[in-house]
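Right, one structure below, let's go through it.
The values are calculated or read from the model by the stated rules, or taken from the named source; none is laboratory data. Computed from a predicted model, the values in this text were never measured in an experiment. Backbone-built Cβ (ideal geometry, glycine too); neighbour counts: all protein chains shown. Please note that ligands, DNA and RNA were not included when accessible areas were found on the heavy atoms of the full protein model with its side chains. Shrake-Rupley method; radii C 1.70, N 1.55, O 1.52, S 1.80 Å.
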Amino acid sequence: MCRFKRIVFLVGLLTVSLMVVSGGIFGQAPMAVVLATAQDMDNLDPHVTTMNSNMRLIYLIYDGLCQFGSDPSTVDPMLATSWEASDDGLSWIFQLRNDAYFEDGTHFDSAVAKFSFERLLGVGGGPSSPYQVIEEILAPEPYTLKFILKEPFGPFIWTMCSVFCRIVPPSVMEHEEDGDWGQAWLADHSLGSGPFQLKSWEKGQRVVLAAKKDYWGGAPKLDQVIVRIIMEPATRKMELLAGTIDIAEDILIEDLDELIAAEGVEVFKAPSFHINYLYFDTQNPPFDDARVRKAVAYALDYDALIDGIMKGWAVPHEGPVPIGMWGRDDRLDGLYTRRLPLARQLLAEAGYPDGFTTTFTLAPIANWAQIATLVQSYLADVGITVKIEQYSWPTYIAMALGHEVELGIIGITPDYPDPDMFAWMLYHSTSELNLSNYQSEEIDRILDGARALSEQDERDELYKEFHWLQHELVLVVYLYQDLFRQPMRTWVKGYYYNPNMQPLIPFQDMWVER
Amino acid sequence: MIPTLFGVTILAFLIANLIPGDPARLQAGPNASREVVERLREKLGLDDPLLIQYSRYLSHLFQGDLGTSIRTRRPVLSDLKTRFPATFELTLTALLFSGIGGIILGTLAAVKQDSLIDHGSRVVALAGVAVPSFWLGIILQLIFFFKLRLLPSSGRIGQFISSPTHISGLYVFDSLFAGNWTALGSSLLHLVMPAVTLSLGALALVSRTVRSSVLDVISLDYVQTARSKGLRERIVIRKHVLRNALIPVVTMSGMTLAALLGGTVLIETVFTWPGMGLYVVNSIFALDFPAIMGFTVLAALIVQIMNLFVDISYVFLDPRIRYG
């Protein structure tokens, strides 16, 4: 026993010594904000990656021509001070600022901006998709940049705010290997003109960004931003409650009430632009009949789904454009509610008085499995038997894009905040994301027309017309629109939210008051 | 060894490629246009027939090139080199914990057969096999991080502490070598929970094997002779019993290492330990074929080398074994 006590004493002494020499178990805190996330970073090249975890850092390291501020309805200047579109919407001229510099001392001008857009298109990765409309990039003056478009593209100015087209200087080509535009090098280095630069990156563990005191927009108040990868949601919650991290992402909805009640923690809540919906195989029976799709829409209990699964962290919505964005007709909200007799009548009219059997396909994402179970029970009430099949995300997305799904679920956040992103991308017959695979010349005409206009009022009318059309055709069934939730310590100050830039966090304007 | 590795590459390549899914689409993002995805697929060589893709992979492999990760856009070898030390440090520590702990526990259980220690060791062994490691990891975090604030919850080093200067990539060794006591303390504290969680299953296996092996040996004539010479019991156990009883443990160590390597995939996720396990988990979600293949080939190679060492070590442990 005596020896056992000695061993316990020695282990205790060793632990205390280790904690003393290591400055506590976490070390001493500089003026920093620590964000914990489950999503690992893997590439910091703005022209390569479309992953949220990477974009969050790119947003702080690189500047764009324009940006989203705290007001979701406006486009704010950044490296461009002003811009103007021609009457036909085919050319856009941007006036640029003359006092911005990159990490390596490169001075920003129109030649640099021109190169950056050429690189974006040359690399040809996912981020280049919204910019395929660019025909030519010109730098007529040192601080004037001009885009010639292949066709008028209404959302063009909004796409300029995206992290996808942040400016990379030509000096990146000093690191080019085998014609890769410097991709291999830029994947884990930073070369931006933004308020932060990469200080260190321990892969799979943490990224440290250091503030640039000579940033043209003014030095950030924080010295550092630390992004820690913590895979387990339970651990992220524990760390936030313990105050060892400042902001936690991807907290389980079930845990939010506990965090709201905890001292020193707040959960920021606001409507997001993230929408969730069911889609159908509209090319084959039974979902090729609009009456069957409508019956599904009338069979679901939306409020119960939001209360039961989302615990109130969502709102019901109808139509392709989320609440809070122009281009939607609010009168449509709430028109689809659970009306079982009507649903049964529609099924009988469509030739399915006894219902039918279908397969609900999904991936193990968020609460999709719970939703599928609930949808299964709702549809059973009108005689539709639902078999649930779950696949891994890669398999599922391949099946969805290959139109191999009879009844499926998906959620979407916009790449750029314009109704075009939700309408054209999800319904146009040539769009890859038209998961319901509905082919309609009428829809294409409306969506192409709205895309070609530059006047918002005219576009608004067309999107509203489309809104009613989708309501009648029920090409998809909208379930709910998420409420954005950001748990953080109350000592974090200066945070603001803009649904256009979810999941980006404005660390450049934030500070800490412990 | 070479044919085994060759077989592993075929199996891994087939399995990775038979999973339905399109890495180009995953890389480009769900909102990317068809043209962009097609271009990316061509660039990644994914539109070639499987046989051509495999032979290209093999020819590169013989030149020490594991390909380029679709997800990170960096050479897989360099990604694995960055991640390997973390996994090695964790696995080695867990191997030590399970080896030393298992031998002590197994020997005590055998020497004091049917005593409280024996029953206790049985409970530990049962728990080690039955308790899911991810659950154990979270419970340990809850107790030692959240309640007691004794140990950090995850990662390899304190969030405000710089990593030690890279020499081997093993934080404990590097910080010790550089005399960086802050980093040493922090990295040792960070190592405790993941290593204990990872080692528990192996510890159970080792302790039960040692127990039965010691029980077999302890009643043999030469042990009785040693005792009758008047040797102290501790010496008899250490010099005469354990040396022979440990041969099965050494045999097992190759398999134990393989189990530990497999276990890192789960443990590294729970403790966000930035090793190869976490890397391969993220690669699987992105259908990053070259990264999945690279990990599989490297893991197979490590297990093969370990087995080779095990075979060689028999010569030193058992004088009757000689290789011609």
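Quick notes on this one:
- Net charge dipole size for the range A:311-365 [Lys, Arg +1 and Asp, Glu -1 on Cβ; Debye, nearest 20]: 180 debye
- When DSSP beta bridges are restricted to pairs lying wholly in the protein assembly as shown, around 75% turn out antiparallel.
- When the Cα positions of A:82, A:358, A:468 are compared along the charge dipole of chain A, A:358 comes out farthest toward the positive end, with charges on each C-beta of Lys, Arg, Asp and Glu.
- Three-way shape call for the range A:199-247 based on the alpha-carbon gyration tensor, with the a/c threshold at 1.5: oblate
- Coupling constants for the range A:334-350 follow from the phi torsions by the Karplus curve (6.51 cos²θ - 1.76 cosθ + 1.60, θ = phi - 60°), and in residue order they are x, 6, 8, 10, 5, 10, 4, x, 5, 4, 5, 4, 4, 5, 5, 4, 7 Hz; glycine and proline get x.
- Take the convex hull of the alpha carbons in the range A:302-460; its mean projected area over all directions comes to 10.6 nm².
- Euclidean distance of C-alpha centroids, the range A:238-278 and the range A:367-382, integer Å: 26 Å
- Length-normalised contact order of chain A in % [C-alpha pairs under 8 Å, at least 6 apart]: 19 percent
- Cβ-derived FRET efficiency at R0 30 Å, residue A:175 paired with residue A:141, nearest 0.05: 0.55
- When the charge dipole of the protein assembly as shown is built from unit charges on Cβ atoms (+1 for Lys and Arg, -1 for Asp and Glu) and taken about the Cα centre, the candidate among B:46, B:154, A:447 whose Cα reaches farthest toward its positive end is B:154.
- Under-5 Å amide H pairs with residue A:512, H placed in peptide plane, nonlocal only: A:493
- Global form of the range A:382-468, assessed from the alpha-carbon gyration tensor, a/c cut-off 1.5: prolate
- Accessible area of the protein assembly as shown belonging to carbon and sulfur atoms, whole % at 1.4 Å probe: 60 percent
- For the range B:170-222, alpha-carbon Rg relative to the globular expectation (2.2 N^0.38 Å, N residues): 1.85
- Listed pairs A:213/A:237; A:221/B:147; A:294/A:464; A:213/A:269 exceeding 26 Å between Cα atoms: A:213/A:237; A:221/B:147; A:213/A:269
- Within chain A, helix-based [θ] at 222 nm, where runs of 4 or more DSSP H residues each add -39,500 (n - 2.57), nearest 500: -9500 deg cm²/dmol
- Taking each residue as 0.36 nm, the span from residue A:337 to residue A:86 lengthens on full extension beyond its C-alpha to C-alpha distance by 85.8 nm.
- GluC sites (Glu not before Pro) restricted to DSSP loop in the range A:239-330 with at most 14 other C-beta within 10 Å: A:263
- Cα-only Debye scattering, the range B:2-62: base-10 log of I(q)/I(0) at q = 0.24 Å⁻¹: -1.02
- Remark: spin-label model distance residue B:235-residue A:390 equals 6.2 nm, labels positioned 7 Å along the Cα→Cβ axis.
- Percent RCO, i.e. relative contact order, over chain B, from Cα pairs under 8 Å lying at least 6 residues apart: 27 percent
- Intensity falloff of the range A:120-265 expressed as log10 I(q)/I(0), Debye formula with alpha-carbon point scatterers, at q = 0.08, 0.09, 0.10, 0.17 Å⁻¹: -0.38, -0.47, -0.57, -1.15
- For the range B:137-213: relative contact order, % (alpha-carbon pairs under 8 angstrom, 6 or more apart): 28 percent
- Spatial separation of Cα centroids for the range A:312-357 and the range A:128-203, in angstrom: 41 Å
- With a Förster radius of 45 Å applied to the beta-carbon distance between residue A:452 and residue A:483, the computed FRET efficiency rounds to 0.85.
- The range B:2-62, dipole about Cα centre (Lys/Arg Cβ +1, Asp/Glu Cβ -1), debye to the nearest 20: 80 debye
- P(r) tail fraction, the range A:70-123 - alpha-carbon pairs more than 13 Å apart, %: 71 percent
- Its alpha carbons give the protein assembly as shown an Rg and a Dmax of 30.3, 108 Å.
- Scalar couplings 3J(HN,Hα) for the range B:263-280, obtained by applying the Karplus form with A = 6.51, B = -1.76, C = 1.60 to θ = phi - 60°, are x, 4, 4, 7, 5, 5, 6, 4, 9, 6, 8, x, x, 5, x, 5, 4, 6 Hz; x denotes Gly and Pro.
- Environment charge of residue B:244, counting only residues whose C-beta is closer than 14 Å and scoring Lys/Arg +1, Asp/Glu -1: +1
- R0 of 35 Å, Cβ-Cβ distance residue A:133-residue A:283: FRET efficiency to nearest 0.05: 0.75
- Centre separation in Å (Cα based) which lies between the range B:2-47 and the range B:135-190: 36 Å
- Computed magnitude of the charge dipole of the protein assembly as shown (debye, nearest 20; Cβ of K, R +1, Cβ of D, E -1): 5740 debye
- Normalised by residue count, chain B yields a Cα convex hull volume of 188 Å³ per residue.
- Net length available on complete extension from residue B:63 to residue B:51 is 2.5 nm, with 0.36 nm assigned per residue and the Cα-Cα distance removed.
- Considering only B:176, A:424, B:298, and ranking their Cα positions along the charge dipole of the protein assembly as shown that arises from unit charges at the beta-carbon of Lys, Arg, Asp and Glu, the one farthest toward the positive end is B:176.
- Under the combined filter of DSSP loop state and at most 13 neighbouring Cβ atoms within 10 Å, the range B:168-263 retains these trypsin sites (Lys or Arg not before Pro): B:229, B:232.
- The Stokes-Einstein estimate for the range B:82-275, based on a Kirkwood radius over Cα pairs and taken at 4 °C with 1.567 mPa s viscosity, is a diffusion coefficient of 72 µm²/s.
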